Every structure is written in structure tokens, then in C-alpha cells.
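Down below is the structure, laid out as C-alpha cells.
The values are calculated or read from the model by the stated rules, or taken from the named source; none is laboratory data. For clarity, every value in this text was computed on a predicted model and none was experimentally measured. Quick reminder, even Gly has a Cβ in these numbers, built from the backbone with ideal geometry, and neighbours come from all protein chains shown. Just the protein is used for accessible areas: all its heavy atoms, side chains included, with ligands, DNA and RNA removed. Shrake-Rupley method; radii C 1.70, N 1.55, O 1.52, S 1.80 Å.
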Amino acid sequence: MQLGSIPVSMNHCIKLLPLNLFLILSLLSCTQKKDSYTVWKEQSKTNIRLLPEYGHAAKTKQQLKADSAFIKTATQKESPEKASEALVQLGFKYLNNGDPQTAMYRFNQAWLLNPKNPEIYWGFGSVYFSFKDYKNAVMQYNEGLSLDPKNKGILKDKALAAQLLRKKN
């Protein structure tokens, strides 16, 4: 087989197929991530659970009642601090498994239990980081660092997000 004046074997074409497939799937993945963040932002207009600290929204009586019931249940066997830590770990587990929505829910529940837990803001920032929204990621990491300025995990991720933000701009 010959393309123009360059001979190409079928064997060569077959070897290129996985590479081309990889590139196509990579491009689709990037497009889907962007589309999923667009959907996320649209949904967050009506679902405060998708925003850090519930978007600082005023809650309804029903939401406040649900929060109280959750706090009571979550703290029956352990302190609010321990329960918050467990929820942060669970949030990161969901995020690492590709479920940022459930991760954000868990980080918000952790915040309800202990808003002074810096790891929560690491989680919030990591959700934004997963969407390549480095600006909001850095903002959340800064919140966590205001509570624990020496937190190595937050410092490391903030440095990476800031570097990527500079490259993006």
C-alpha cells in the first residue's frame, strides 16, 4: 500500500490504530469533562449541595431540620471532629472513584460537623481541581491553609493548582 509517494504497510496502519483510538478517546474525555463541569455549574444553581459550604445559602426550615437530624445521628458514637474526618476520607474516596457530586456532598456534611477542619477545604478544592477549575481550587485551598498553614497536602495541591492556573492564563 502506498500513500502519496510514501509506502505504508498494513502492519504500520494497524500499529497506528490504537494510538489514533487513544487520541480520539482522550479528546472525548476532555470534552466530556468540560461538559460535565458546565452541567455541574448549571445544577449548582438549584442544588446548594454542589457548592462548598452549601454556597452560603439561606436554608429552609426543612433543610435545617435535616441538618440537625444528620448531626445528631453522625455524632451518636463519635465526636463531631472524628465524624468530620471520616466524611472527608469518604469524600476523597468518591472523588478518586470519579464521583465528584457525592464527594462534594460528603465534604459539605463534614463541614456541617466541624467547619474548622482544614481537610474539608482540601476536599472542596480537589473537586474544583478535578474539573480543572484551578482558580476556585486555589481559593478553597487558601481557606484550608487559613486554618492550618502548614498542611502539607493542601500546600502541595495549592502549588500545583497555582502552577496550572498560570499556564492556563
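For the criterion of being within 18 Å of the chain's Cα centre (by Cα) and either at pLDDT 95 or above or among the small types (G, A, S) (or both), F131 passes. Could you check, for region 123-137, whether at least one of its residues is in contact with a helix residue (DSSP H, G or I) (Cβ under 8 Å, 6 or more places away or on another chain) and over 22 Å from K41 (Cα atoms)? No, because not a single residue in region 123-137 is in contact with a helix residue (DSSP H, G or I) (Cβ under 8 Å, 6 or more places away or on another chain) and over 22 Å from K41 (Cα atoms). Applying the selection to region 118-142, what residues are within 22 Å of E81 (Cβ to Cβ), open to solvent by 20 Å² or more (accessible area, probe 1.4 Å) and touching a residue at least 60 places away in the same chain (Cβ under 8 Å)? Q140 - this is the single residue of region 118-142 that is within 22 Å of E81 (Cβ to Cβ), open to solvent by 20 Å² or more (accessible area, probe 1.4 Å) and touching a residue at least 60 places away in the same chain (Cβ under 8 Å). Which of the residues that make up region 118-169 are outside any helix (DSSP H, G or I) and under 23 Å from N97 (Cα atoms)? Scanning region 118-169 gives F131, K132, D133.
Here R166 passes the criteria (1) touching a helix residue (DSSP H, G or I) at 6+ places or on another chain (Cβ under 7 Å); (2) at pLDDT below 95 except the one numbered (1).
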